1. Using a 1.4 angstrom probe on heavy atoms only, work out the carbon and sulfur share of the accessible area of the range 23-176 in %.
2. Under 1.5 on a/c is rounded, so check that first for the range 79-148, then, if it is not, pick prolate when a/b is larger than b/c and oblate when it is not; a ≥ b ≥ c are the square roots of the alpha carbon gyration tensor eigenvalues.
3. How far apart, in nm, are the 7 Å Cα→Cβ label points at Leu100 and Val42?
4. Each residue of the range 28-41 in order: what ³J(HN,Hα) in whole Hz does its phi give by Karplus 6.51 cos²θ - 1.76 cosθ + 1.60, θ = phi - 60°, with x for Gly and Pro?
5. Taking only C-alpha pairs under 8 Å that are 6+ residues apart, what is the relative contact order of the range 60-158 in percent?
6. Is it possible to state the helix-based mean residue ellipticity at 222 nm for the chain, with each DSSP H run of 4+ residues giving -39500 (n - 2.57), the sum divided by total residues, to the nearest 500 deg cm²/dmol? What is it?
7. Any chance you could give the angle, 0 to 90 degrees and rounded to 10, that helix 87-96 forms with the longest Cα principal axis of the chain?
8. Applying the Karplus parametrisation 6.51 cos²θ - 1.76 cosθ + 1.60 with θ = phi - 60° to the phi angles of the range 70-81, what ³J(HN,Hα) value in whole Hz is obtained for each residue in order, glycine and proline being reported as x?
Amino acid sequence: AVTWSPAVSGTFASGTTYTATVTLTPATGYTLTGVTANFFTVAGTASAAINSANTGVVTAVFSATPPSGYIVSGGLTWAPITTVASWSAAASTCSASTALGYAAGSWRQPTKVELVALFANRNRVTPSGWPPTGWSLSTAWSSTAYGVGSHYRVNLYDGAVLNGGDSYNYSVSCVH
């Protein structure tokens, strides 16, 4: 039997951490004697599943899914791409962000490699798929310098890697 906290009605809500309590009942003639503490694993959990020795009551915590528009890919949380700016304004926007309750300075621009990987793995983006909800699929700045006064940018519509003068306006992409 599985119970959820908070209770689930239909689908999971974004931005909510859920805890599942799984109660295993042995079939007739079997026991849970000898099951060690924290023996069980539960796929997709934020941390190791917890159980006491000799019991089948397992607790598993599932991380909150990001709100609409935010995605998870490559071990990073990506903020929605909704605005354009020069490279320095994009860098300032990211470092000043306090989105999702993270402290200013913890968001940053992605590297060229991270943007290329995001596009390459676009069919595995969670939770919304590709294109992400509310995103503008256009050319996004990277933090990777191309040369003096220019940085790489990646077109998230077709995956093209380009360079651009820092004074031009391209999409702002921020990661945590």
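The values are calculated or read from the model by the stated rules, or taken from the named source; none is laboratory data. It should be emphasised that the depicted structure is a prediction, and the values quoted were computed from it without experimental measurement. Don't worry about glycine lacking a Cβ; one is built from the backbone with ideal geometry, like all the others, and counts go over all protein chains shown. These accessible areas exclude ligands, DNA and RNA; they are computed on the full protein's heavy atoms, side chains included. Shrake-Rupley method; radii C 1.70, N 1.55, O 1.52, S 1.80 Å.
1. Working: 4580 of 8070 Å².
Taking all protein chains in place, the range 23-176 shows 57 percent carbon and sulfur surface.
2. Values: a/c = 1.74, a/b = 1.20, b/c = 1.45.
Since a/c reaches 1.5 but b/c is at least a/b, the shape of the range 79-148 is classed as oblate.
3. In this crude label model, Leu100 to Val42 measures out at 2.1 nm.
4. Each residue's phi maps through the Karplus curve to give 3, x, 10, 9, 9, 4, x, 6, 6, 4, 6, 6, 7, 10 Hz.
5. Numbers: 136 pairs, mean separation 28.6, N = 99.
The value is 29 percent.
6. Working: 2 runs with 19 residues, N = 176.
So the helix-based figure for the chain works out to -3000 deg cm²/dmol.
7. Once rounded, the angle reads 30 degrees.
8. Here the 3J(HN,Hα) series is 7, 10, 10, 7, x, x, 10, 9, 10, 6, x, 8 Hz.
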